[in-house]
Structure formats: C-alpha cells, structure tokens
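Here is the structure we will look at, set down as structure tokens.
The values are calculated or read from the model by the stated rules, or taken from the named source; none is laboratory data. None of the values given here were measured: they were computed from a predicted structure. Here the Cβ positions follow ideal geometry from the backbone for every residue, glycine too, while neighbour counts run over all protein chains shown.
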Amino acid sequence: MARDHLLVIDQGTTSTRVIVYDLRLKPVGQGQHEIPLTYPRSGWVEHDPRTIVASVGAEVTTALINARVRAEQIAAIGITNQRETTIVWDRATGEPIAPALVWQDRRTADVCNRLRRKEGVVSRLTGLVIDPYFSATKIAWLLDHVDGARRKAEAGQLAAGTVDTLLIRHLTGGDHLTDVTNASRTLLMELATDQWSDELCELFDVPKSLLAEIRPSAGDFGATRGLDYLPDGIPITGVAGDQQASLMGQGCVSEGQAKCTYGTGAFLLAHTGARIIPSTHGLLTTRAATTRDEPPQYALEGSVFIAGAAVQWFRDGLKVIHDASEIGDLAMRGDPEGEVVFVPAFTGLGSPHWQPAARGTLYGLTRATTLADIARAAMEGVAFQVGDLIEAIEEDLSEPLAALNVDGGMSRSDAFLGFQADVLGRPVVRSPETESTALGAALLAGLGAGVWSDRATALALLASGGRTFETARGYLWRAKALERWRRAVETTRGHYRLEAD
C-alpha cells in the first residue's frame, strides 16, 4: 500500500487537532478535541497531561476515518505544539507527577524577580528574558513543590519537557527527544550552540539529566510503537513549536519575511536568516525551524499573551456570546469613535513590555458604554499590541517590514483584520490557509521523511494569494488612537508595578 499521506498532531492550548494531508499538502480529513484549562489560583493555568495524551489517539482515528485513509498509508508524522507549557513525568511509567504548567502560568513571577540580576547573561545565552512564560522556572517549581520530586529527579527517575516531548514519549513508547525550536523556549538552551547549558541549568536549579536530546526540526524523532490506534514503525520526522511551524507554513523562510498568528495569544515572528539579532526593544531572539542539512536559522519574536483568549473570555466568562465567531458582529455595533480602551493583560503583559504582574484593565467607561463597546475595545486591544510588536521589530531590524502575513482564529474576522491594517498603517495579508501551523508541521515531516527532493519543491506546494486588507483610516486617527493606547498601557504597567513592589 502506497505511503502517500502525512499525519499532523497539532496540540494547542485549547484543543488537540489531527489533520491528514496528501503529498500536495492539501488537507483531506481532520479531528479536533477541546482541551480544558484549569485556573486553581489567580495567575495559575494548568492542563491535565493525561487528557492531552488521551486526546491524540481519539482524534487520529477520527481524522483517518474522515480522510478515508488507512493508517498504513501514512508516510510520516509531524508534531506541532503549544510552546513553553511544561510537564514532569516518571521516566519509567510516563505518568506525570503533577498538572502541566501552561505557558500562560505566572506562579513563578517572584522567582523570576529574584533572578533579575542575571538578565544580561541569560539574554546573551538564550535570546530570551527571565519571565514565568518560559519553561525553566516551571520545571524547578514542580521539583520543589511535588513531594519527593527533586530527590527523584537527581536520581534520574524523572524526565521533563514541553508538549512535543510528552507526545514523542507517548507515540514511541519512551524516546526522550525534543526539537530545537521548542528547546530554544526553555531558558536552558544556548542559542548559538543548540545545546543545553550547564550554566543555565545551574542558575535555574534544573538537573540537566531531566532534559531531552535536542534534534533539528525536520529529521528523526523515532517511530510509533505500542499504540492501539497506529501500527508500529510510522516515522516521526517533523517537530516544531507552533509559531515556528506557522512561520514555515506561511512560506516565511527568508530574512525579512514576517507573520503573525492569532491563536489563544498572538505571536509575531520575523525571520532573520542565519543572523542572531539581539533585541534592544523587548523582543525575543529565537530559533527558526530547519532541516538536519541546513545551517541554523533564527527569528525575532514578539508575544501577546491574550488574543483569542479575550474572545473566549466573552464567551465563557462574561457569557455574552455563544460562539467565538459572534464577537465580530458584536464589536461592529460598538461606537467606532468611542474612547474605551481594553488592555487584555489577563496573564500579564508580554513583549515588548514584560510586566508579569499586570492584569486586564478597562479605561474610558461611561454610563453610555455598552457590551458592544467593550467587545470592540477587546478586539482593538489585540491589534494595538501587535502594532507595538511591529514597531519594536522594525527598530531592531532598522528597516520596515513590507507587509504582514497573518493566520489563526481571529484572522477569519474581516472586521478585526481591517482594524489591524488601520493600526499598522500598512496592508495585512490573510494567508490562504488560516491554520498554517499544522501545514508547517506537515511540510517539515515531509522534508524529514524525504517525500520531496528539496525544500524549494515543498514550498512550491504552498497555496499563493490570500485576501489583502488595506488601511482605511488616516494618519491623524492612527496617531490619536495609538497615543490613547500607549497611555493606557503605561498606566496599567505603573499600577501593577506598584502593587508588585
């Protein structure tokens, strides 16, 4: 039987999706399962790792049925995942010792503040900042707060990793591997060497023996073994963190190309080629996905912690809407000249502000303010944050970005992308594939398995075109709106800085 399809596991913050692609990178079937988040305390965000693992088998089966493809037709498997979310498990049994600490989790903010004096050396080695967002302090917290965990870790009985590592362990029956893009988000890998750092492991009190072997994003990550839903021997040949996978899936593989993915958060990456560019404007320097035959590639990244999560808050918290797609219509009923500003910092402010203590804040409320005005301000708040990231990236690159390619859930909203173009004062191009994260993982898996002769052949399969949203408002409107937004952000930062002190 011909092995003429690729299977991608896209494990995100709110759901696990499995998509089957043919070898022309066209999706032919999928399954999706919502993954609940829990919030035990303010600033704490958790997953049940068992639920994540269990969702994979069910959705692989659903995707294969929907695609009318037999498992024996799968040439290779790709994995893409929410980054920074951290799990520690028993090395022998695979059982997690505690809930997964999600990338949004802020419980280690005090630890990060105590380490702030080391910010310079950490940034130089990793391209990152010291923040609860990343995995290192999460691993240490679990070792210190689960009874007996640190003793077991030092005895070699535990393993730690991000979601890709957990899934590889499950699929292969025990292999402990990760890819370079996920490793670059832990605060434990040296960006210039793609190796775990003894110095950083000591600083963050993480035993190096816990960590997985780092491999290129397209290559050998073992093969399926011991599963009841897939036969043994299907190779796993593509692994990348969701944002690096999206960068690949949008065809942004050359210096100067940029994309923004609007998922639970919003993540803007600008490819910098083989150059490591340290940011002086609050951004991150990170690894881009590469094959085993390529030299290392890098990107500048800005992270907005709350994007689609603001829409979910309207649906699940305020219960104002029944479906996420309804927020666009509600927002369009808000006053376009209103002065309500929403800083959606439910789990702190990310790039370029880095204020982990901040929380969501509304400004400009009057007795005339409606839910529609707040919905409009919530969507605008996401667009304004992305505008901050674009400005910071252009300062670091010392040149403007020609355009912005976008994908993800919020990119389906014409109203939102129109406003995003207004905020940026430049065109926004919606990808023909609004879910390019899984597409990038499929491309990496095919390259790793040798499905195509070279990367250029694979990239030529990506769909071209996509709708362009032009700016509809002028400079004066933009200047006034941005000034109001920046004042709101600085007020929020100042308030929560004082509370933290």
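Residues in the range 150-180 that are buried (at least 19 other Cβ atoms within 10 Å of the Cβ) and assigned to a helix (DSSP H, G or I): how many? Outline the logic, then answer.
Applying the first criterion (buried (at least 19 other Cβ atoms within 10 Å of the Cβ)) to the range 150-180 yields 153, 158-172, 177-180.
Among the residues that remain, those that are also assigned to a helix (DSSP H, G or I) are: 153, 163-172, 180.
Selection size over the range 150-180: 12.
Quick grid of which residues meet (1) outside the structural domain of Gly364 (by TED's automatic domain parsing); (2) touching a residue at least 24 places away in the same chain (Cβ under 8 Å); (3) in contact with a Lys or Arg (Cβ under 7 Å, 6 or more places away or on another chain):
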{"site": "Ala274", "(1), (2), (3)": "yes, yes, no"}
{"site": "Ile277", "(1), (2), (3)": "yes, yes, no"}
{"site": "Arg292", "(1), (2), (3)": "yes, yes, no"}
{"site": "Pro295", "(1), (2), (3)": "yes, no, no"}
{"site": "Phe314", "(1), (2), (3)": "no, yes, no"}
{"site": "Pro336", "(1), (2), (3)": "no, yes, no"}
{"site": "Ala345", "(1), (2), (3)": "no, yes, yes"}
{"site": "Gly350", "(1), (2), (3)": "no, yes, no"}
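Taking the range 205-251 only, how many residues are over 24 Å from Thr261 (Cβ atoms) and among the aromatic types (Phe, Trp, Tyr)?
Residues in the range 205-251 being over 24 Å from Thr261 (Cβ atoms) and among the aromatic types (Phe, Trp, Tyr): 1 in total.
Could you grab me the full set of residues in the range 181-195 that are under 23 Å from Ile236 (Cα atoms) and either surrounded by fewer than 20 Cβ atoms within 10 Å (Cβ to Cβ) or small (Gly, Ala, Ser) (or both)?
Ala183, Ser184, Asp194, Gln195, listed by residue number.
Kindly indicate whether Thr237 is buried (at least 20 other Cβ atoms within 10 Å of the Cβ), under 22 Å from Asp48 (Cβ atoms) and not hydrophobic (A, V, I, L, M, F, W, C).
On the way: buried (at least 20 other Cβ atoms within 10 Å of the Cβ): yes; under 22 Å from Asp48 (Cβ atoms): no; not hydrophobic (A, V, I, L, M, F, W, C): yes.
The answer is no for Thr237.
With the requirement that a residue be more than 28 Å from Arg17 (Cα to Cα), at pLDDT below 85 and either of a type in the set (D, E, K, R) or touching a Cys at 6+ places or on another chain (Cβ under 7 Å) (or both), what does the range 396-420 give you?
Passing the criteria: only Glu399.
Please determine whether any residue of the range 14-23 is surrounded by 22 or more Cβ atoms within 10 Å (Cβ to Cβ) and among the acidic types (Asp, Glu). Explain how you work it out, then say what you get.
Our first condition is that a residue be surrounded by 22 or more Cβ atoms within 10 Å (Cβ to Cβ); within the range 14-23, this holds for 16, 18-21.
Next cut, among the acidic types (Asp, Glu) only: none.
For the range 14-23, residues surrounded by 22 or more Cβ atoms within 10 Å (Cβ to Cβ) and among the acidic types (Asp, Glu): absent.
Does Leu143 satisfy the criteria of being over 26 Å from Ser351 (Cα atoms), in contact with a Ser or Thr (Cβ under 6 Å, 6 or more places away or on another chain) and not basic (Lys, Arg)? Spell out how you get there, then give the answer.
Details: over 26 Å from Ser351 (Cα atoms): yes; in contact with a Ser or Thr (Cβ under 6 Å, 6 or more places away or on another chain): no; not basic (Lys, Arg): yes.
Considered against the rule, which asks whether it is over 26 Å from Ser351 (Cα atoms), in contact with a Ser or Thr (Cβ under 6 Å, 6 or more places away or on another chain) and not basic (Lys, Arg), Leu143 comes out as no.
Pro207 fails exactly one of the following numbered conditions: (1) of a type outside the set (Phe, Trp, Tyr); (2) surrounded by fewer than 19 Cβ atoms within 10 Å (Cβ to Cβ); (3) touching a strand residue (DSSP E or B) at 6+ places or on another chain (Cβ under 8 Å). What is the number of that condition?
Failed condition: (3).
Give the range 421-472 a look and list any residue that's in contact (Cβ under 8 Å) with a residue 40 or more places away in the chain and among the hydroxyl-bearing types (Ser, Thr, Tyr), or say none.
Passing the criteria: Ser431, Ser436, Thr437, Thr468, Thr471.
Kindly state which strands (runs of 3 or more DSSP E) lie completely within the range 273-382 and contain at least 2 residues that are more than 24 Å from the chain's Cα centre (by Cα). Spell out the reasoning first.
Values: elements: 284-287, 298-304, 341-343, 361-363.
The qualifying strands (runs of 3 or more DSSP E) are 361-363.
Hey, any hits in the range 420-428 for a residue that's assigned by TED's automatic domain parsing to the domain that holds Gly338, closer than 17 Å to Lys259 by Cβ, of a type in the set (S, T, N, Q) and assigned to a helix (DSSP H, G or I)?
Yes - at least one qualifying residue is present in the range 420-428.
Please pick out the residue among Thr366, Thr347, Thr370 that is over 23 Å from His495 (Cβ atoms) and among the polar types (S, T, N, Q). Quick ask: steps written out before the conclusion?
On the way: Thr366 fails: over 23 Å from His495 (Cβ atoms); Thr347 fails: over 23 Å from His495 (Cβ atoms).
Criteria check complete, one pass: Thr370.
Would you check which residues across the range 473-488 are assigned to a loop (DSSP other than H, G, I, E, B) and without any contact (Cβ under 8 Å) to a residue 12 or more places away in the chain and list them? Even if it seems obvious, please write down each step before you answer.
Residues of the range 473-488 assigned to a loop (DSSP other than H, G, I, E, B): 473-474.
Hit for the range 473-488 is Gly474, nothing else.
Listed here are the residues, each with its yes/no results for (1) surrounded by 19 or more Cβ atoms within 10 Å (Cβ to Cβ); (2) under 30 Å from Ala155 (Cα atoms); (3) at pLDDT 90 or above.
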| residue | (1), (2), (3) |
| --- | --- |
| Cys201 | yes, yes, yes |
| Gly219 | yes, no, yes |
| Pro231 | no, no, yes |
| Leu247 | yes, no, yes |
| Gly265 | yes, no, no |
| Pro278 | no, no, no |
| Leu283 | yes, no, no |
| Thr291 | no, no, no |
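Among what's in the range 29-53 and is closer than 14 Å to Thr13 by Cα and of a type in the set (D, E, K, R), pick the residue that is modelled with the lowest pLDDT.
If we take residues in the range 29-53 being closer than 14 Å to Thr13 by Cα and of a type in the set (D, E, K, R), then Glu34 is modelled with the lowest pLDDT.
Name the residue, out of Arg41, Arg24, Arg68, that is among the charged types (D, E, K, R) and on the phi > 0 side of the Ramachandran plot.
Values: Arg41 fails: on the phi > 0 side of the Ramachandran plot; Arg24 fails: on the phi > 0 side of the Ramachandran plot.
Every option except Arg68 fails the conditions.
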